[in-house]
1. Out of the residues in the stretch B:36-59 that are out of contact with any strand residue (DSSP E or B) (no Cβ under 8 Å at 6 or more places or on another chain) and modelled with pLDDT of 95 or more, which is surrounded by the most Cβ atoms within 10 Å (Cβ to Cβ)?
2. For the stretch A:20-70, give me the residue count where each residue is free of Cβ contacts under 8 Å to residues at least 40 places away in the same chain, part of a loop (DSSP other than H, G, I, E, B) and surrounded by fewer than 17 Cβ atoms within 10 Å (Cβ to Cβ).
3. Take residue B:103 and tell me if it is surrounded by fewer than 20 Cβ atoms within 10 Å (Cβ to Cβ) and either over 26 Å from residue A:20 (Cβ atoms) or more than 14 Å from chain A (Cβ to nearest Cβ) (or both).
4. Suppose we filter the stretch B:184-231 for residues that are in a strand (DSSP E or B), under 22 Å from the mean Cα position of the chain (by Cα), within 14 Å of chain A (Cβ to nearest Cβ) and surrounded by 24 or more Cβ atoms within 10 Å (Cβ to Cβ); how many remain?
5. When you scan the stretch B:242-320 for helices (runs of 4 or more DSSP H) that lie fully inside it, which ones turn up with 3 or more residues that are surrounded by fewer than 19 Cβ atoms within 10 Å (Cβ to Cβ) and at pLDDT 95 or above?
6. From the set of residues in the stretch A:84-94 that are within 7 Å of another protein chain (Cβ to nearest Cβ) and within 17 Å of the chain's Cα centre (by Cα), which is farthest from residue B:140 (Cα to Cα)?
7. Just name the residue that is farthest from the other protein chains (Cβ to nearest Cβ) out of those in the stretch B:130-153 that are in a loop (DSSP other than H, G, I, E, B) and touching a strand residue (DSSP E or B) at 6+ places or on another chain (Cβ under 7 Å).
8. Go through (1) within 14 Å of chain A (Cβ to nearest Cβ); (2) in contact with a strand residue (DSSP E or B) (Cβ under 9 Å, 6 or more places away or on another chain); (3) in a loop (DSSP other than H, G, I, E, B) for residue B:124 and report which single condition fails.
């Protein structure tokens with residue numbers, strides 16, 4: 001268990017992930033509060049999940065559970081909604097998060113813009129947005 | 001290697017074209033560029049087109065123009081730098097004597113046409129990792145990169161604003177530019193917040209319109225008697241596409257790779273460059289590209305653009321038609337970058353709008369979310 005899962009299915013009006021072959025294990029993990037990344041036998045770690053390892057070409061690299069912590073590589077405060085369902089959320093923060101294990105992930109940052117800075121430590125939470133998926137959302141640690 | 005000659009350039013009507021679709025605009029720009037080159041449609045034996053709302057754009061434009069068995073067809077879609085990218089393929093095709101007259105075209109109705117798909121259905125396999133974040137793209141993605149640059153190098157919002165201010169100065173001399181009123185750094189900083197650190201005036205316009213350039217072989221250029229604006233260097237690369245977090249280093253674009261390659265091919269150094277036409281989807285796009293092309297050291301772009309370096313009369317005239325920030329931006333600005341570079345090298349303008357005795361121009365396109373980079377060096381053969 002790396003992060004709390006909050007059920008947001010009732011009020012979520014934004015885009016919803018659609019698990020596909022290579023990404024299904026990732027989204028399955030989110031429902032259990034586990035942030036998963038792929039770690040190939042060659043040692044390469046990657047996100048988003050892919051059918052191949054981008055380092056050695058191995059097919060279907062296996063998944064590992066992340067600790068769910070990382071740092072903010074960068075972020076922006078969106079004053080204009082970028083997707084359906086986000087109009088009432090503005091201003092909201094989207095960041096690129098460097099996980100402690102290495103892979104970088106684009107994610108919502110559930111925080112006040114003034115409380116954020118690049119390099120700051122964050123931890124993952126999950127918002128369940130459908131039967132099939134919860135989205136990773138990061139909060140300052 | 002034989003160098004294609006940029007024989008003709010033109011825009012369609014710009015701004016709002018509610019009675020024309022993307023194909024109409026691409027076709028109108030094409031016939032105008034052919035007229036500029038002194039060519040006819042019947043002489044066209046190749047077409048290269050990007051953008052548009054068709055997944056076979058080269059075929060649909062060829063059909064629309066009723067081309068007679070064109071020997072060169074190119075529709076590679078790498079976003080706003082596609083047109084610079086095409087120049088290399090045209091060069092290769094002409095070296096093999098496969099084409100003599102190639103039209104590189106673009107058209108869009110970004111402003112009045114239907115918006116992008118706003119359904120909740122995924123349209124791309126990677127969307128599940130991008131769209132649920134709500135990131136406002138493209139601005140938010142470029143903004144994240146700009147924020148990182150500010151963090152690493154101390155670049156300021158004021159310095160980003162300098163790009164918009166200098167570009168507007170150029171636009172004030174271009175009757176075709178949508179925004180011509182002078183602006184100040186304060187105006188940029190006080191304009192509406194879009195995606196921090198960008199305000200409205202850090203962001204390009206949204207326009208309808210099209211553009212086209214006609215590339216011809218050296219033999220054809222001699223026959224036409226056009227000024228010899230040669231494609232002297234071309235290089236392209238990409239760093240990522242859909243997800244800005246896949247960009248390995250958000251403070252360095254592919255221009256760091258394509259610039260040196262294109263400059264080497266052309267046998268030029270930065271001192272030789274008289275005018276730079278650099279895709280400015282956002283103020284940061286132009287700033288970071290100037291660094292990556294090597295006009296200043298990495299991290300010093302903010303200082304470089306301050307004080308009117310790129311403005312009329314500055315050391316490095318840049319985006320002399322007013323850029324995507326103030327002239328027009330129908331989605332893929334790369335074709336307009338080539339158009340203006342050619343016009344400057346031909347000496348089409350008068351007064352301060354014309355860069356004195358311009359012989360070498362750099363035209364640089366950026367596509368996607370800082371994803372693709374393509375550099376072209378154009379040289380006027382004397």
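1. B:41
2. 16
3. So residue B:103 fails the test.
4. Residues meeting the conditions: 2.
5. B:255-266
6. My answer is A:92.
7. B:130
8. Single failed check for residue B:124: (2).
The values are calculated or read from the model by the stated rules, or taken from the named source; none is laboratory data. Model, not experiment: these values are computed from the prediction. FYI the Cβ positions are ideal-geometry reconstructions off the backbone, even for glycines, and counts take in every protein chain you see.
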